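What follows is a single structure, written as structure tokens, with notes after it.
The values are calculated or read from the model by the stated rules, or taken from the named source; none is laboratory data. As the structure is a computational prediction, the values presented were derived from the model and not from experiment. Using ideal geometry, Cβ is built from the backbone for each residue, glycine included, and neighbour counts are taken over all protein chains shown. Accessible surface areas use protein heavy atoms only, side chains included; no ligands, DNA or RNA. Shrake-Rupley method; radii C 1.70, N 1.55, O 1.52, S 1.80 Å.
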Amino acid sequence: MIDQRFDPKAHEQRIYQRWEESGCFRPSMDTSAEPYAIMIPPPNVTGSLHMGHALNNTIQDILCRFERMRGKNVRWQPGMDHAGIATQMVVERKLAANGNQDRRSMGRDAFVEKVWEWKEESGGTILNQLKRLGASCDWENTKFTLDEDLSVAVNKAFVDLYNEGLIYRAKRLVNWDPQFQTAISNLEVENKEVDGHMWHFKYPLAGGQTYTYVEKDADGNVTLEETRDYISIATTRPETMLGDGAVAVHPSDERYAPIVGKLCEIPVGPKEFRRLIPIITDEYPDPEFGSGAVKITGAHDMNDYQVAKRGNIPMYALMDEKGFMRADGEAYAEVAVVALRIAEGKEDFDEAKISAMNLVPDQYRGLDRFEARKAVISDITAEGNAVMIADPKHKDEETEAPLIPYVENKKIMQPFGDRSGVVIEPMLTDQWFVDAETLAKPAIAAVREGQTKFVPENWDRTFYNWMENIEPWCISRQLWWGHRIPVWYGADGEVFCAQTLSEAQALAGDGVVLEQDEDVLDTWFSSGLWPFSTQGWPEETDGLKTFYPGATLVTAFDIIFFWVARMMMMGIKFMDGEVPFKDIYIHAIVRDEVGKKMSKSEGNVIDPVDLIDGIDADALVAKRTTGLRQPEKAPQVEKSTRKRYPKGFDAYGADALRFTLAAMATKGRDINLSVDRVAGYRNFGSKLWSATRFAQMYETGFDASVNPSSLGLALNQWIIGELYKCCEQVSEAIEDYRFNDAADAAYHFVWDVFCDWYLELSKPILQGDDGPEKDEVKAVLGWTLERIFALLHPFMPFITETLWEQTAERSSFLMQQKWPGLDHGFFNQDASDELGWVLKTVSQIRSVRADVNVPAGAKVPASLVGANEETARRVEAHRDVIMRLARLEKFEIADAAPAGSVKTVVDEATVVLEIADLIDSGEEVERLDKQLGKLNGEITGLEKRLGNEAFVAKAPPEVVAEQRERLTDLQGTRDKLSLAREQLAAI
RNA sequence: GGUCGAUUAGCUCAGUGGUAGAGCACUGCAUUGACAUUGCAGGGGUCACAAGUUCGAACCUUGUAUCGACCACCA
């Protein structure tokens, strides 16, 4: 006999170890079996399991276990991502904490060695957490993106793309992270709205020239006309004025037509060396916005960069890699003179010359960019070059309002590094790029042609939208942790791209001294190769042949661009045009139960491991309040956590968590995770456990063989039919990625049908005399339970495997058994009708008893009036069990009902409870009236519909017939009930 | 500005044109034998709003309102 309850802690890890040791997670490599592969989205080596991972991996595990049981050759490919920036950050912080070391003083090799040490010691806890969840990955084939074989793949991919011209080096404006001092891709930049200011400054015209500035309204009437010796500019980033190369206005802007082509002065820096820049036209400025004139700082703004390129405007870089104003090069006085000659067209320039020029005036050199901003603003204002307006604070006063500098407070979008959280600075630097546009085309086509399908399909719009507007992908990072770019330079900068140093040397020729590029590749470059690099590419391995393309990619939408798109591009490119996976299942983001994103700063994170192992309230609060960025938030977090989870979390176990996630995994977008539901599904596991215990009490034969088509009892035929129906529903739902439907179908069958009905119905037989009927029920009971174990196994692997193990001597694991319902579909309509009638009869009698307040324990005499032959037969067959479940003293066929009894109609017959003395006839009339009212409402509706000629003519005939039949049934019921009511009222 | 989505029971959510559903919560009853992590019964919804298509709309179309996500943005 199994224990009274299932204790997850006693079994989960033990069972997992047994599975792993026996090699159950390895692919069968059975050549006759259909291959089935899922590539895990490799978690960061620094990562630890969060709810998103738990959902993601539960879904993958359900698919893998399901397909494995269906006989497929399954590889769930696990591994980890080296996560360049994140990992380097972790280790750098750790070094700083332990003795103030920094990577630059250590040197590259020593630092990288440290990271490896850290990886071996602390990296990859997430993989062990996945095991706690029950993930059936092929662990023996675990890969890491920096493994030697994967690095070979990375180098080959790079070299091939380079040789085809799809990777190139260029000087471009890229997103620069001043904290990590590296370029990052567009995707790693998060644009956030922040409170900002827009300053308005005057750029004086060269040589004191003036012009007539005219503003007109929509009808062409002059609203302002004045003589100006300046052009007004608005900016949110005054410090970049130092690098302006021009002022641009729209070609159609009449206000500035008189001064286009003239020079104006940047009103900052030493007076005697003021730089002059040309006023040019470009389509970019919006005449409606600000003053209509835009300062062009090609080296520090993405839009200005385009304008500068079009107009051949020099792009002066102002900052160093830390985001400080440059302090290198010649003194400002000397450089400014050169810049003036360039602006006047008197001196030629090229890229190298411009980038060597440091146009930061001496007094700003070395300042942090935000300090420099303050200084620039105050200097310009002091000199009187700020645009002034009347102070709005004084607008109601009679005296003239004093003038103040024109500074607008407004929300501006600012780019932040998604890892560092600091403001990103566009910087002109040499970087490596992938020609993403070329690679994207076949990937777009593959989705359009249906070689790869998004599930739910509307995500393809998001995919197209991004892929069709894709920009060159910046793949070089100024980091040390990652795949070093396989490019070597000769002494004169000649480029040799090759997979190894010796190959590069061969290209360069003997004796040439080669230096390898210092940069590493974007982590996503190697992740993009994951579906084939993990299977041995570029070697033609069995793994590659068998498991490429994979079946399904399971991931969240926030990674479609980062990863999915790149795998599509790379997979098609390197695997002869074949897509890396057939389906892309995009699942929801897990939020807290009120729909808030889980975040450390909100203190609402639910750690999956806490739900599995349990955590008490104090520990939970402590966990949620430590590490908050805003300490003032902590007390609130503590309060809300204690209120919501006064007892912390029970140890619900992995199965309950998995089942919850599956049941909530609809094809919508968000999952609001409620701990109550986890508790509910933990109870479901207990229910199954105790049902098994029940079976054991009657010495049920587990491991028995049952032939569904040669059973004697309708009860058994019925439950097996229901089981198969359920198996089919679950299979179809999983195939269709409707995990919630699959979980619901299984839950409903096990609890509502099997436990609540089958077990109750079987009790009289199990507790009765020995004989063939009892033997059959015992066999079917055990057999059905075993199929239930199998059916639930993909969702609840631990408890089902434990039950399997503990109910009989087993020669193999449950996870290796056949998926139920494959071989013999069995459904007996007669048995289904018959048991349907039993269930209906019992339920209705129970309902009536409760309605008229018959004491729950009282046994009442009952009879059935108007039963046809078949019903009479059913009464004989099921009398015992009906009497037991409905608590009847007798249940007999009768010709007429005794007066004053309580009645309910089941199909053609009327059940009569002979309890006139127990009840108040007035209340009973009321009850019947209520039911009749409901019935009449429905009948009226149906009659109206069926009376509508258009309905009868146009609706499908089967629908009309169905409604007719329903109407007849309802009318029959109504007639019987109203007869009962009249009899009762007559007393 | 572009794109996608949501609005159904007190709460969290299913529901692809034909009788409005689940879990939790709530109410009443039930305690020796599988299970109180339980059982039985019950209350509770104008499916955001409006118009349209249709014999018939929670579902299709259009519009409105509110909320959300992503992308791109005005110096």
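Residue by residue, region A:527-544 carries 3J(HN,Hα) couplings of 5, x, 8, 3, x, 10, 5, 6, 9, x, 3, x, 5, 8, 7, 4, x, 5 Hz when phi is fed to the Karplus relation 6.51 cos²θ - 1.76 cosθ + 1.60 (θ = phi - 60°); x denotes Gly or Pro. Computed from point charges on the beta carbon alone (+1 for Lys and Arg, -1 for Asp and Glu), the dipole magnitude for region A:131-237 about its Cα centre is near 300 Debye. Measuring nothing but protein heavy atoms, the accessible surface of region A:49-93 at 1.4 Å probe radius is 52 percent carbon and sulfur. Expressed as a whole percent, the accessible surface of region A:526-671 that belongs to carbon and sulfur atoms is 49, based on a 1.4 Å probe. Add +1 for every Lys or Arg and -1 for every Asp or Glu among the other residues with Cβ under 11 Å from the Cβ of A:Val952, and state the total. For residues surrounding A:Val952, the net value is +2. About the centre of its Cα atoms, region A:568-660 shows a dipole size close to 500 debye [charges on the beta carbon of Lys, Arg (+1) and Asp, Glu (-1) only; nearest 20 debye]. Annotation for region A:303-318 versus region A:850-909: alpha-carbon center distance of 91 Å.
Relative to the longest principal axis of the Cα atoms of chain A, helix A:957-986 runs at roughly 50 degrees.
Each part gets one Cα centre, and for region A:349-387 versus region A:126-191 those centres are 37 Å apart.
Taking amide H atoms as placed 1.01 Å from N in the peptide plane, the amide H of A:Ile475 lies under 5 Å from those of A:Trp432, A:Phe433, A:Val434, each 5 or more residues away in sequence or on another chain.
Listed peptides A:602-612, A:479-489 appear in the order A:479-489, A:602-612 once ranked by packing, highest mean of other Cβ atoms within 10 Å at the front. This model, with +1 at the C-beta of Lys and Arg and -1 at the C-beta of Asp and Glu, gives chain A a dipole about its Cα centre of some 1640 debye. Sparsely packed loop sites in region A:802-855 (the GluC sites (Glu not before Pro) outside DSSP H, G, I, E and B with at most 16 other Cβ atoms within 10 Å) comprise A:Glu809. For region A:704-709, the Karplus equation 6.51 cos²θ - 1.76 cosθ + 1.60, evaluated at θ = phi - 60°, returns couplings of 8, 9, 10, 9, x, 8 Hz by residue, with Gly and Pro reported as x. For region A:894-987, the square roots a ≥ b ≥ c of the C-alpha gyration tensor eigenvalues yield an a/c of 1.5 or more together with a/b exceeding b/c, which makes the shape prolate. Spread over its residues, the convex hull of the C-alpha atoms of chain A is 274 Å³ per residue.
Residues in chain A average 45 Å² of solvent-accessible surface per residue, probe 1.4 Å, ligands and nucleic acids excluded.
Answer rounded, prolate or oblate for region A:737-836, using the Cα gyration tensor with square roots of eigenvalues a ≥ b ≥ c: rounded when a/c is under 1.5, else prolate when a/b is larger than b/c, else oblate. Oblate, since a/c reaches 1.5 and b/c is not below a/b. Report note on the peptides A:780-790, A:552-562: ranked by the mean count of other C-beta atoms within 10 Å, highest first, their order is A:780-790, A:552-562. A dipole drawn for region A:352-430 from +1 and -1 charges on Cβ atoms has a positive end, and of A:Thr429, A:Ala386, A:Val360 the residue lying farthest that way is A:Thr429.
When the charge dipole of region A:476-550 is built from unit charges on Cβ atoms (+1 for Lys and Arg, -1 for Asp and Glu) and taken about the Cα centre, the candidate among A:Ile485, A:Thr546, A:Leu514 whose Cα reaches farthest toward its positive end is A:Thr546.
A protection proxy built from the mean count of other Cβ atoms within 10 Å ranks the segments A:174-185, A:930-941, A:613-624, A:461-472, most packed first, as A:174-185, A:613-624, A:461-472, A:930-941.
Checking every one of the GluC sites (Glu not before Pro) in region A:271-315 against DSSP loop status and a limit of 15 other Cβ atoms within 10 Å picks out A:Glu283, A:Glu288.
Using the alpha-carbon atoms, what tilt in degrees (0 to 90, nearest 10) does helix A:108-122 show relative to the longest principal axis of chain A? The helix A:108-122 is inclined about 20 degrees to chain A. Backbone phi angles across region A:782-799, fed through the Karplus curve with coefficients 6.51, -1.76 and 1.60 (θ = phi - 60°), yield HN-Hα couplings of x, 5, 5, 4, 4, 5, 5, 3, 5, 4, 8, 4, x, 8, 10, x, 6, 5 Hz in residue order; Gly and Pro are listed as x.
The angle between the Cα long axis of helix A:714-735 and the main principal axis of chain A comes to about 10°, on a 0 to 90 degree scale.
Applying both filters, DSSP loop and at most 16 other Cβ atoms within 10 Å, to the chymotrypsin sites (Phe, Trp or Tyr not before Pro) of region A:310-384 gives A:Phe349. Going by the alpha-carbon gyration tensor, a ≥ b ≥ c the square roots of its eigenvalues, is region A:578-690 rounded (a/c under 1.5) or, if a/c is not under 1.5, prolate (a/b greater than b/c) versus oblate? Oblate is the answer for region A:578-690, as a/c is 1.5 or above yet b/c matches or exceeds a/b. Under a 5 Å amide H cut-off, with hydrogens placed 1.01 Å from N, A:Asp368 pairs with A:Met325 among residues at least 5 apart or on other chains. Farthest towards the positive end of the charge dipole of region A:1-91, among the residues A:Met69, A:Ile38, A:Thr87, is the Cα of A:Met69, using unit charges on the Cβ of Lys, Arg, Asp and Glu. For region A:697-758, the Cα-based Rg and Dmax, in that order, read 13.5, 39 Å. Sorting A:Ile919, A:Ile734 by solvent-accessible area of protein heavy atoms yields A:Ile919, A:Ile734, largest first, with a 1.4 Å probe.
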